[in-house]
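The values are calculated or read from the model by the stated rules, or taken from the named source; none is laboratory data. Model, not experiment: these values are computed from the prediction. All Cβ positions, glycine included, derive from the backbone under ideal geometry; neighbour counts span all protein chains shown. Areas reflect the complete protein model, heavy atoms only, side chains present, ligands, DNA and RNA absent. Shrake-Rupley method; radii C 1.70, N 1.55, O 1.52, S 1.80 Å.
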Amino acid sequence: MMRLDKFLSVTATATRSEAAKAVRSGEVLVDGVPAKKADQQIDPEVVSVVFRGRPVTYRQFTYIRMHKPQGVVSATEDGRGATVLDLLTPE
């Protein structure tokens, strides 16, 4: 179980304060019904959430498998050259 505002935050949909404003204005649907409170508990694996007309998908983990070309560093930061993060698209 997770709070609705936290769910929207961890899915990079909205900040918690933006989520609270959207709930108050009726822009968040939980299973097709407008959410009443930003702190309501939801099960992200079971319910469907729509934020301002767009469905929100929850993934607890994202696994990426890639071939690392020679010369690319297996790190998230390196001031000397390209890292594996440079190979990924923003989504």
- When Cα extents along the principal axes in Å is calculated directly from the model, which label among (1) 59, 26, 18; (2) 35, 31, 22; (3) 52, 24, 22 fits? (3)
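For the chain, report the accessible area per residue in Å² (1.4 Å probe, heavy atoms, rounded to an integer). Mind dumping the intermediate values first?
On the way: 6920 Å² over 91 residues.
Normalised by residue count, the accessible surface of the chain is 76 Å².
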- Query: When the dipole is taken about the Cα centre of the chain, and only Lys, Arg (+1) and Asp, Glu (-1) are charged at their Cβ, what size is it in debye, to the nearest 20?
  - Reply: 180 debye
- Query: Taking Cα pairs under 8 Å and at least six residues apart, what relative contact order does the chain come out at, in percent?
  - Reply: 22 percent
- Task: Can you find, among SER17, LEU88, MET66, the residue farthest towards the positive end of the dipole of the chain? Put +1 on the C-beta of Lys and Arg, -1 on that of Asp and Glu.
- Result: SER17
- Task: Give me the percent of the accessible area of the chain that comes from carbon and sulfur atoms, probe 1.4 Å, all protein chains in place.
- Result: 50 percent
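For TYR58 and VAL46 in the same chain, what is the full-extension length gain: residue separation times 0.36 nm, less their Cα-Cα distance, in nm? Can you show the working numbers first?
Working: separation 12, 0.36 × 12 = 4.32 nm, distance 1.01 nm.
That works out to 3.3 nm of additional length.
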